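Step one of this worksheet: look at the structure below.
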Amino acid sequence: MFKIHNEQAAGLGFQLWSRLAWGQAGNCRKVDYKRIANLLPVLALALTLSSCALIKLPKAPPETYDISAPREFPGLRAGTRAQILVKAPTTLKALNSQNIVVKPTPSVITYLSGAQWSDDLPVMVQTKLVETFENTGRAGAVAKPGDGLVIDYQILTAIRAFEVVASGARKTAVIEFSAKLLSDRSGRVLKSKVFQASVAFSGGKNDDYVEALDRAFDQVARDIVKWVLRRI
């Protein structure tokens, strides 16, 4: 579709109409109907192009992605009857949205075009951590704030990284969380640890980016759950 400025379209329309109505500019003696018939398609095209310049086509909606909660926990034997509260992770504003972060350099943040998470990242991560605890079948009860449980322990996390580092052809999904195990009765932090996972990949499609992030999250979520259950 061609782009025509409004002033150009108006001027073109005026010139065409003058030629349509009269055999020559300024000749008001005779209407040239044959010329009108010949130039009508041209006038219609000019009007169409003018309207195209004013209409913006809607963008295609972005693809929406979700991450999965681990379901297999090889080597996990620890369990607890304690009731656990998983709070929403804290993070920087750049990560606190549905955008999927891509970093071409360590100091530059961009977002994956045409793709988004199913919810704001901290909310999605909180939900998947709760599901991960539940999938072990080895926790008394797991809840979010407001669920009304009498809590024994809180899991406090911060998202330090949840991104794809893309440097040329090399791409790596990087996820890093810090986690604290808090006694709800005493308010004391019993343990704290940083969890990190990275997955290298070569594909350039949105599905490839998300699949690598999903695999990295699978490792981090599994490690956090094992770490908590072995300490309470």
Output the residue which, of all residues in segment 168-190 that are under 29 Å from residue 63 (Cα atoms) and exposed (fewer than 15 other Cβ atoms within 10 Å of the Cβ), is modelled with the lowest pLDDT. 168
With criteria (1) loosely packed, with under 15 Cβ neighbours inside 10 Å; (2) in contact (Cβ under 8 Å) with a residue 24 or more places away in the chain; (3) small (Gly, Ala, Ser), residue 158 comes up short on (1)
Subset of segment 61-71, residues charged (D, E, K, R) and within 11 Å of residue 221 (Cα to Cα), comes to 71
Pull up segment 202-232, narrow it to residues that are buried (at least 19 other Cβ atoms within 10 Å of the Cβ) and out of contact with any Ser or Thr (no Cβ under 9 Å at 6 or more places or on another chain), then point me to the one that is nearest to residue 117 (Cα to Cα). 210
Any residue at all in segment 91-107 that's touching a residue at least 60 places away in the same chain (Cβ under 8 Å) and closer than 20 Å to residue 227 by Cα? no
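Would you be able to say whether some residue in segment 191-206 is under 23 Å from residue 63 (Cα atoms), in the same structural domain as residue 79 (by TED's automatic domain parsing) and assigned to a helix (DSSP H, G or I)? Can you show your working first?
Here is the first cut: in segment 191-206, the residues under 23 Å from residue 63 (Cα atoms) are 199-206.
In the following step, the residues that additionally are in the same structural domain as residue 79 (by TED's automatic domain parsing) were identified as 199-206.
Those left that are additionally assigned to a helix (DSSP H, G or I): 206.
Scanning segment 191-206, I find at least one residue that is under 23 Å from residue 63 (Cα atoms), in the same structural domain as residue 79 (by TED's automatic domain parsing) and assigned to a helix (DSSP H, G or I), so the answer is yes.
Test residue 189 against the criterion of being of a type in the set (Val, Ile, Thr) and without any contact (Cβ under 8 Å) to a residue 40 or more places away in the chain, and give yes or no.
Numbers: of a type in the set (Val, Ile, Thr): yes; without any contact (Cβ under 8 Å) to a residue 40 or more places away in the chain: yes.
The answer is yes for residue 189.
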Counting only residues that are closer than 21 Å to residue 117 by Cβ, in contact with a helix residue (DSSP H, G or I) (Cβ under 7 Å, 6 or more places away or on another chain) and of a type in the set (D, E, K, R), how many does segment 137-172 have? 1
One residue is enough: does segment 212-223 have a residue meeting the conditions of a type in the set (Phe, Trp, Tyr), in a strand (DSSP E or B) and under 22 Å from residue 156 (Cα atoms)? no
Would you confirm whether any residue within segment 71-81 is at pLDDT 95 or above, assigned by TED's automatic domain parsing to the domain that holds residue 172 and surrounded by 15 or more Cβ atoms within 10 Å (Cβ to Cβ)? no
Taking the stated definitions as given, is residue 140 surrounded by fewer than 17 Cβ atoms within 10 Å (Cβ to Cβ), over 16 Å from residue 91 (Cβ atoms) and without any contact (Cβ under 8 Å) to a residue 40 or more places away in the chain? no
Going through segment 110-140 one residue at a time, which ones are of a type in the set (Gly, Ala, Ser) and either under 14 Å from residue 70 (Cβ atoms) or at pLDDT 95 or above (or both)? 113, 114, 115, 118, 137, 139
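The values are calculated or read from the model by the stated rules, or taken from the named source; none is laboratory data. Remember, predicted model here, so these are calculated numbers, not experimental data. Because the Cβ atoms are built from the backbone with ideal geometry, glycine has one as well, and the counts that use them run over all protein chains shown.
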